[in-house]
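Asks: Below: one structure in structure tokens.
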Amino acid sequence: MLVGYFDESGTERNHEIALYAGMVADSVMWSRIEQRWRAKLDQYGLSHYHAVDCENGEGEFSEMSRGIRDSLTNYFSSLISEIPGQMIGQVINHDDWERLVPNHMKSHFGDNPLYLSAVVSMQMTSVWSRTCVDGEPVALAFATHQKHDQVLADIHANLWRHPDWRGLGSISFVKPQRSIPLQAADLICYEIRRHLLNPDPTKDRQARINFEKGGQIADAIGHYHPKTLELLMRHLDGDT
């Protein structure tokens, strides 16, 4: 069974960018990394991996040295790179959303660019399914969030009923603490955000190298720039 695991980043405007991102792969492939991922967590007495806490030395990572925290991120990103899957996601700048999206279109997406990102990510999943796996349904698992779950469920229901978006399977909402693949999605989101807001001038960040080797991250993650966002709004406004 194909499953896409997705997490979000950028819930507030001061976060600069909003995105949903993750990866689609066969459930068997996901299971192949879970045992090693859990073993590494157990080795360091961690309940789960959280990229922001690991990077900043917070929460369960507060007593760890920088070197150990970096080694954990590099290790987990290398496990993700082993999976023959497809990274998918969509980035929207908060400032572009505020300046370029008309109010009536903002309300169409719940006044939140995250929901536009979710729509496009689900559509990208559908396109990938039809293009690469002959329309095989992809079950979607999102990191649960009290504010977002029902909105995402409604978005999914509308797309699932539409003939243009075949290839979408069921949707569920899960706590990342209970799901290794959702912890992987969290790391993918973190690395996308870091790459866009704090690019590494030497291009030698190991997690990024691992992802580019395994998941083609640069080709799979969309980023609406001002001109393309304006064009999208014109297109959608013509359809409504």
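Asks: Would you please give the residues with an amide H less than 5 Å from that of S172, counting only those at least 5 places away or on a separate chain, with H modeled from the backbone geometry?
Replies: The answer is L140, A141, F142.
Asks: OK, next. Treating cross-link reach as a plain straight distance, find the aspartates and glutamates whose alpha-carbon is under 14 Å from the alpha-carbon of K147, omitting any fewer than eight places away in the same chain.
Replies: Hits, sequence-local ones excluded: D7, E8, E12, D111.
Asks: To continue, here is another question. Among the GluC sites (Glu not before Pro) in segment 38-71, which ones are in a DSSP loop with at most 11 other Cβ atoms within 10 Å of the Cβ? Mind listing them?
Replies: For GluC sites (Glu not before Pro) across segment 38-71 that sit outside H, G, I, E and B with at most 11 neighbouring Cβ atoms in 10 Å, the list reads E58, E63.
Asks: Please tell me which of these pairs span more than 24 angstrom C-alpha to C-alpha: K106/K203; K40/K213; K40/K203?
Replies: Result: K106/K203; K40/K203 exceed 24 Å.
Asks: If you fit an axis through the alpha-carbon atoms of helix 226-239 and take the longest principal axis of the Cα set of the chain, what angle between them do you get, 0 to 90°, nearest 10?
Replies: Around 50 degrees separate the two axes.
Asks: Moving on. Which of V120, V174 comes first, and how do the rest follow, when ranked by fewest Cβ neighbours within 10 Å?
Replies: Ordered by Cβ neighbours within 10 Å, fewest first: V174, V120.
Asks: What's the angle, to the nearest 10 degrees (0 to 90), between helix 149-161's Cα axis and the longest principal axis of the chain?
Replies: Between helix and principal axis, roughly 60 degrees.
Asks: Report which label in [x] 18.3; [y] 19.9; [z] 19.0 holds the value of Kirkwood radius over Cα pairs in Å derived from the coordinates of this structure.
Replies: [x]
Asks: Sort L159, L197 so the one with the fewest other Cβ atoms within 10 Å of its own Cβ comes first. Please report the intermediate quantities before stating the final value.
Replies: Values: L159 19, L197 11.
Fewest-to-most Cβ neighbours within 10 Å comes out as L197, L159.
Asks: Could I ask something else about it? Cα axis of helix 113-132 to longest principal axis of the chain: angle in degrees, 0 to 90, nearest 10?
Replies: With rounding to tens, the tilt is 80 degrees.
Asks: Also, quick follow-up: I need the chymotrypsin sites (Phe, Trp or Tyr not before Pro) found in segment 33-104, filtered to DSSP loop residues with at most 16 other beta carbons within 10 Å of theirs.
Replies: Y44
Asks: Another question about this same structure. Output the antiparallel fraction of DSSP beta bridges having both residues in the chain, as a percent to the nearest 5.
Replies: Counting DSSP beta bridges with both partners in the chain, the antiparallel share is about 55 percent.
Read the figures in this text as sums done on the coordinates, not as results from a lab. Computed from a predicted model, the values in this text were never measured in an experiment. Note that each Cβ is placed from the backbone with ideal geometry, even for glycine, and that neighbours are counted across all protein chains shown.
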